[in-house]
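Here the structure is laid out as structure tokens; the discussion comes afterwards.
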Amino acid sequence: MKKSNLYELTRMALIPYYSRDPETKDCWITALVYGKVQLVAQHMIQLLPDSRWIVYQGRIVFLISLVDSSCKIIAEDKRFLEFLQVNGLTASLSNCFSHLTFLRKYYKQCLTAVEIDFQLNSNKPVYMYEDYLCEHIGKIISEQNDLADFCHPVIQKLIAYDNGHKTSLLPTLEAYLQYVDTPNLAAKTLFIHRNTLFYRINRIRELFEVDLSDGDIRLKLQMTLHFLKLKTQRGDPEDQR
């Protein structure tokens, strides 16, 4: 990474120095020892040379100066991922920000990404807030409303159809929406032929009269999928049927 002014483009990396209970998978064991923290921080600085760090609320918080606004350069760094996995650590990455007065806001993004990922139980080594934006929106909405009221009706119809006909139209739609411009990749994730993918998508269009060429409709469908994922993992009573 090229060096740049710390105030130009900054991303917060939150590294909770905790480990999960290997049996329950849902507990934290505090392991904050200053000497070990120093070792972790020093190694991280080697991986992220243009960064600064502090210990705050039992977490090692890094401020990372980036030229590229995408956090994938960090999240996909093999050395970074290997270091986290070998040491039983996780990292959370906020969106970029340009001034230190925004620290609190973006620190909370890191915490939110961790919280939502635990609800989804994905067990990833790196949590990027941008990956959980839709779930965060759903979480905020659900504090005052029933998320089901904001879901596109086609998704519930698809779930009922799959249950009644032993089909896989919902996961097909989800993969198609995720890779709408690369159907080959969508088919690959489903372990089906490209022609099978197109057949299923055409069936969805015919059965539910949904226009998947409309970007607004695709957005609503994707938001609904994110909301339902959050509701299911949270264990809402109506989702247990």
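The values are calculated or read from the model by the stated rules, or taken from the named source; none is laboratory data. The structure displayed is predicted, hence computed values, not measured ones. Counting neighbours? That spans all protein chains shown, and the Cβs are built from the backbone with ideal geometry, glycine included. Just so you know, the surface numbers come from the protein's heavy atoms only, side chains and all, with ligands and any DNA or RNA stripped out. Shrake-Rupley method; radii C 1.70, N 1.55, O 1.52, S 1.80 Å.
Worth a mention:
- Residue in segment 197-204 that is within 26 Å of the chain's Cα centre (by Cα) and either open to solvent by 80 Å² or more (accessible area, probe 1.4 Å) or at positive phi (or both) present: no
- Evaluation of Leu170 against the conditions (1) open to solvent by 60 Å² or more (accessible area, probe 1.4 Å); (2) part of a helix (DSSP H, G or I); (3) more than 30 Å from Phe83 (Cβ to Cβ) shows that the sole unmet condition is (1).
- Among the residues of segment 126-154, those that are open to solvent by less than 50 Å² (accessible area, probe 1.4 Å) and outside any helix (DSSP H, G or I) comprise Val126, Tyr127, Met128, Cys151, His152.
- Selected residue [open to solvent by 60 Å² or more (accessible area, probe 1.4 Å) and touching a residue at least 40 places away in the same chain (Cβ under 8 Å)] from Lys188, Lys157: Lys157
- Segment 15-124 holds strands (runs of 3 or more DSSP E) entirely within its bounds, and those carrying 2 or more residues that are open to solvent by less than 60 Å² (accessible area, probe 1.4 Å) and at pLDDT below 80 map to 18-20.
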